[in-house]
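The values are calculated or read from the model by the stated rules, or taken from the named source; none is laboratory data. What you are looking at is a predicted structure, and each value in this text was computed from that prediction instead of being measured. When we count neighbours, we look across all protein chains shown, and the Cβ atoms used for this are built from the backbone with ideal geometry, even at glycine. When the accessible area is computed, the model is the full protein with side chains, heavy atoms only, and any ligands, DNA or RNA have been set aside. Shrake-Rupley method; radii C 1.70, N 1.55, O 1.52, S 1.80 Å.
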Amino acid sequence: MTAPPDSTGISVEHLDMVFGSYVVQRNVSFRVAPGRIFVIMGGSGCGKSTLLRHMIGLIRPAAGRICYDGESYWDADDNRQTALRQRFGILFQGGALWSSMTLAENVALPLGLYTGLSPREITTLASYKLSLVGLRGFEDYLPAEISGGMRKRAGLARAMALDPAILFFDEPSAGLDPLSSHRLDRLLLELRDSLGTTIVVVTHELASIFAIADDSVFLDSETRTAIAWGPPKTLRQHCEHALVRDFLNRGSGAAGIGAL
Amino acid sequence: MIRAIIVTMAFDQATAPKRQRSNNRRGRAMKTGKDEAGTRRLIRMEPAGPVLRLAVGGVWALSDGLTDPATVGEALGAGGIDTLAVRCEGLERADSALMVYLTALHDLAAAAGVRFDVSGVDAGISALVALARAVPEQAGTGHVTESVARIDRVGSKALAAAREVNSQIQFYGELALSFGRLFTGRARLRWRDVLEVLEESGPRSLLIVTVIGGLIGMILAFIGAVQLRRFGAGIYVADLVGLAMAREMAAVMTGIVIAGKTGAAFAARIGTMQANEEVDALITLGISPIDFLVLPRVIGLALMMPLLYFYACGVGLAGGMLIGTTVLDLSPTEYWQQTQHALHPIQFMIGLGKSVVFGALVAIAGCMRGIRCGRSAAAVGEATTSAVVTGILYIIITDAIFAVLLEIYGL
């Protein structure tokens with residue numbers, strides 16, 4: 001689960017994301033250092049989740065490269081792509097649990113596919129993963145029978161099933177109460193510190209951003225490109241773009257409600 | 001907040017109506033909005049040189065509709081005005097109806113390049129108007145509706161149809177690859193899912209297949225009886241019903257029923273999974289959604305349809321026998337023997353073959369619409385209805401092909 005010592009992390013180079021004639025973002029470049037927590041920020045609708053989907057192999061970019069340890073994902077053949085994807089763990093917004101399967105079955109599916117463990121070993125391992133996120137005892141529940149927060153946690157257990165080197169989170173705090181959000185932040189920090197997992201998070205929850213981010217990129221919906229890079233705490237004070245400072249200071253304390 | 005407005009704008013209720021009447025003689029009172037509401041809302045324009053003063057008062061309630069400031073707009077357009085000053089006078093009650101009116105005035109003033117002065121309006125109301133206009137309209141986020149020339153629309157539709165065909169062909173390609181993996185044992189599916197499909201599409205469809213199969217048999221017998229009776233050839237109704245059911249109707253009608261029932265269910269189920277990102281979760285784990293979701297359904301329906309076909313045949317023959325014995329006064333034994341005489345096993349083989357193919361097609365149509373579904377509730381509904389239409393279309397086209405092929409081979 002730790003990033004290998006010679007790992008160069010993730011490198012996104014001159015990425016263009018396009019839907020038909022609609023340009024989502026153009027010429028986006030950034031680097032994610034191995035074993036660090038990286039946050040993708042931006043206003044609503046700027047393309048953060050779309051960027052994530054490009055990185056995890058769901059959408060082919062219109063231009064540019066996404067490199068994992070120097071190897072370009074989209075230039076690799078199918079088998080190589082599958083091998084690369086096995087190093088990812090992804091938590092989708094809302095968990096994206098398979099609704100006809102119990103929590104244990106959800107976590108067990110990737111285990112059954114990619115490990116040579118026996119069914120009983122898989123059940124034990126799945127239980128362990130669920131207990132890590134505080135869902136011990138809920139193994140036989142269906143996703144519809146648990147709350148949204150619990151579904152997210154189960155989704156996280158599934159994302160961690162194969163001990164991935166890189167974890168991707170799409171709006172992990174959305175819909176979580178402040179305490180749960182705080183617990184999730186602590187879990188991410190724990191994963192980074194104890195296991196050296198590289199973590200990429202799409203979020204715009206400021207409390208989480210400042211709590212966990214080592215580095216970040218800011219996507220702008222007006223100019224449709226990345227405009228700021230660096231640790232959020234530094235950007236908050238010193239970024240040359242007022243928009244980024246406003247974003248990180250929640251409207252810079254000015255009277256009235258600014259652009260939401 | 002509205003209560004605060006009422007409190008701060010506490011005017012003597014008793015004198016208000018009188019003031020309205022006297023105001024009617026000064027300035028121009030505009031009774032706008034609904035006629036019945038005209039007496040509730042009061043808007044008075046008082047031109048004063050370069051300043052256009054507007055007094056609003058009375059009762060502004062949404063139940064009376066909204067007011068269009070067209071008259072004010074005309075006055076501004078006439079020119080010579082540099083300030084539009086609004087104040088509240090005799091305002092008893094106000095809700096969003098007033099806010100919308102004032103916001104519209106703000107826009108009119110901005111468009112005419114005229115200063116908008118709301119100092120005479122209660123602070124709470126003017127703050128809301130300011131808030132509504134604080135954030136400039138975001139460029140590029142609105143939907144652009146251009147009026148497109150008809151020939152452009154025809155072109156776009158043609159291109160869209162071509163893309164649709166392309167997308168369907170892609171699906172068939174992936175499906176073929178998936179079957180290839182199935183036969184080499186490399187497909188990733190759960191056989192438990194096949195059993196679930198069998199249960200969903202089989203026992204639960206018996207009632208509707210009984211009703212439809214039985215009624216079709218009876219209708220065929222009835223139509224045949226009316227004509228054949230005239231030639232004293234009523235007994236041949238047994239042939240008619242037997243052949244028609246075994247060769248065509250049982251397979252086709254069951255296929256159509258299953259398209260509406262199970263095909264739609266597949267599309268809805270998979271479409272909803274698309275909306276929940278469940279399909280994406282499969283893809284990112286390296287599981288082909290075609291292997292995992294589509295194959296079990298195609299296999300399940302292809303296995304279940306022949307069973308339903310035989311059942312429909314049986315029920316259809318029974319329906320035909322019922323008509324034969326009641327309308328034509330044939331005896332059940334006569335009817336049954338005639339049917340046996342007319343029906344060669346090859347007819348059942350043909351019907352059986354058709355039912356397997358139809359089952360697979362219905363599943364394919366349903367799954368394809370589900371996988372190609374958009375990510376909203378409306379898209380799921382669209383995919384569901386589309387699955388039924390596509391399934392039925394596939395059945396009928398294939399049936400026609402079967403008819404031609406069987407004719408060629410002399411069957």
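List of remarks:
- FRET efficiency, 1/(1 + (r/R0)^6) with R0 41 Å, evaluated for A:D214 and A:R120 via beta carbons: 0.55
- Expressed as a whole percent, the accessible area of the stretch B:65-188 that falls on carbon and sulfur atoms is 58 (1.4 Å probe).
- Helix-only [θ]222 nm of chain A, DSSP H runs n ≥ 4, -39500 (n - 2.57) each, per residue, nearest 500: -10500 deg cm²/dmol
- Candidates A:D193, A:D77, A:D16, ranked by Gaussian network fluctuation over chain A, Cα under 10 Å, top entry: A:D77
- Here's the picture: charge each Lys and Arg Cβ at +1 and each Asp and Glu Cβ at -1 in chain A, and of A:T115, A:S99, A:V28 the one pushed furthest to the positive end of that dipole is A:S99.
- Solvent exposure of the stretch A:131-260 amounts to 48 Å² per residue of accessible area, where only protein heavy atoms count and the probe is 1.4 Å.
- Solvent-accessible heavy-atom area per residue, rounded to whole Å², over the stretch B:282-381 at 1.4 Å: 37
- A:R136/B:R190 FRET efficiency (R0 25 Å; Cβ-Cβ; nearest 0.05): 0.50
- The B:A400 and B:L207 beta-carbon pair, evaluated with R₀ = 30 Å, returns a calculated FRET efficiency of approximately 0.50.
- Near B:G120: Cβ cut-off under 13 Å, other residues only, Lys/Arg at +1 and Asp/Glu at -1. The net charge is -1.
- Taking every alpha-carbon pair in chain B and binning the separations at 10 Å intervals from zero gives 4, 16, 17, 11, 10, 11, 11, 11, 7, 3, 0 percent.
- Cross-link reach list, aspartates and glutamates versus B:K261, counting only Cα pairs under 14 Å and skipping chain neighbours closer than eight places: B:E199, B:E200
- Once exposed loop GluC sites (Glu not before Pro) are cut out (DSSP; at most 13 other Cβ, 10 Å), longest piece of chain A: A:1-221
- Among beta bridges from DSSP that stay inside chain B, the antiparallel ones total about 45%.
- Take the accessible area of chain A alone and of chain B alone, subtract that of the pair, and you get about 1900 Å² summed over both chains, using a 1.4 Å probe.
- Charge dipole of the protein assembly as shown (Cα centre as origin; +1 on each Lys and Arg Cβ, -1 on each Asp and Glu Cβ, all else neutral): 1200 debye, rounded to the nearest 20.
- Cut-off under 5 Å, modelled amide H: who pairs with A:G42 long-range: A:L219
- For the stretch A:79-94, a decrease in accessible area of 40 Å² or greater in the assembled protein chains relative to the isolated chain, with a 1.4 Å probe, applies to A:R85, A:F92.
- Accessible carbon and sulfur surface of chain A relative to its total accessible area, %, 1.4 Å: 52
- Mean ellipticity per residue at 222 nm, deg cm²/dmol - from DSSP H runs of n ≥ 4 across chain B, formula -39500 (n - 2.57): -21500 deg cm²/dmol
- Residue pairs, from the table A:K48/A:K152; A:K152/A:K233; A:K152/B:K157, whose Cα atoms sit over 30 Å apart: A:K152/B:K157
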